[in-house]
Structures are given as structure tokens and as C-alpha cells.
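Below: the structure, in C-alpha cells.
Every read-out reported here was derived from the displayed coordinates using simple, explicitly stated rules and does not represent laboratory data. None of the values given here were measured: they were computed from a predicted structure. As a convention, Cβ positions derive from the backbone with ideal geometry for all residues, glycine included, and neighbour counts pool all protein chains shown.
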Amino acid sequence: MRLRTIPTRLAAGGYILHSGLSKRDATAEMAAGLHGLASGAFPFLKDWDPKDFVSRLSAGEMAVGSLVLMPLVPTRLAGLVLSGFSGGLVTMYLRTPSLRQPGSIWPNQNGTAISKDVWLLGIGLGLLLDSLTDPKKKALTGRKKKAR
């Protein structure tokens, strides 16, 4: 982990971990609302029990947040996991027209809270790209031709 990735990993990982922790004791109403939103975008979730869905979502968010926060987790893996997770959230936003202004990708009042996940996707992709351009990694894996 490079020093410059610490602020983004703290911000994104802490935010997602907190989100997962806050869903651990979700009420039936909250579970039904989250399940309804998610199953509207991802129809395969319709058959899931709302409480079971929120329990799994909570565990997933806590796992992703913890992984992003852990300094021993390579930046490449943290970026990949964060990009995958937040990509799903952005997909849900894009597949739910009631969250956007008519004929637009911009959020309406209901969509603002979910549209912010685009920032998490940007952070994840930034971490991933940062890890792919690490000159130290190239120096460690690059082989020089032997002189004859």
C-alpha cells in the first residue's frame, strides 16, 4: 500500500463498513425497501426473503469495507473488489428510472443518496489503475537480459 492510497482507502472502506454495520439490525420496513429497490434492478433477487437479502447485503458491505481498509490487502485487490461492489450499485442506479430525472442520468431527490456510489466506483478504479502503474512492481517483476 502506498501512502497516497491511504486517504481514499480510509474514506471508501470506512463508508462501506459503516453502511454494512448500520444494516445489521434492519427493520422489516427497511429490509423490504432495500430489497424492493435491488430486486427492481436485479430481477433474480425477487425470490429472496427481504430480511435474508439485507443480512447478506450487510455482511457483504462489511466484508468489502474491511478488505479495503486493511493495509495488508494489496491495492490491486482492494481496487478490484471496490470497483466490483460499487459497479453493482451504479448499475442498480442506472436500471432504476425512478431515481433519475426524466430522460437523464442525473439523480432526482430520491436518487441522490444512491448516485453518490459513482464516487466509490471512481475510487476503486483509481486504486486499480494506481496498482497497475506501480513502478516498484515493474522493477520487481521485470527481467533484464543477461550480458554474454
Could you count how many Lys pairs in the chain have their Cα atoms under 20 Å apart, skipping same-chain pairs fewer than 8 positions apart?
7
Suppose a student asked you for the relative contact order of the range 3-134, using Cα pairs under 8 Å spaced at least 6 residues apart; what percent would you report?
28
Going by average Cβ density within 10 Å per residue, which order do the peptides 89-99, 119-129 take, highest to lowest?
119-129, 89-99
Extension length gain for ASP25 and LYS51 (0.36 nm per residue less Cα distance), in nm, is 8.4 nm
Under the Karplus relation with 6.51, -1.76 and 1.60 and θ = phi - 60°, whole-Hz ³J(HN,Hα) for the range 114-131, x at Gly and Pro, equal 8, 5, 5, 5, 4, 5, 5, 5, x, 5, x, 5, x, 5, 5, 5, 4, 5
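Is the range 3-134 best put as rounded, prolate or oblate by its Cα gyration tensor, with a ≥ b ≥ c the root eigenvalues, rounded for a/c under 1.5, and otherwise prolate when a/b is larger than b/c, oblate when not?
The shape class here is oblate.
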Sort the following peptides by mean Cβ neighbour count (other Cβ atoms within 10 Å, averaged over residues), highest first: 23-34, 57-68.
57-68, 23-34
Residues whose built amide H sits under 5 Å from the amide H of ARG100, excluding neighbours closer than 5 in sequence, are ASN108
Total charge of the residues flanking PRO107 in space, meaning their Cβ is under 10 Å from its Cβ, with Lys and Arg +1 and Asp and Glu -1, is +2
Could you work out how far helix 75-94 tilts from the main Cα principal axis of the chain, as a 0 to 90 degree angle to the nearest 10?
30
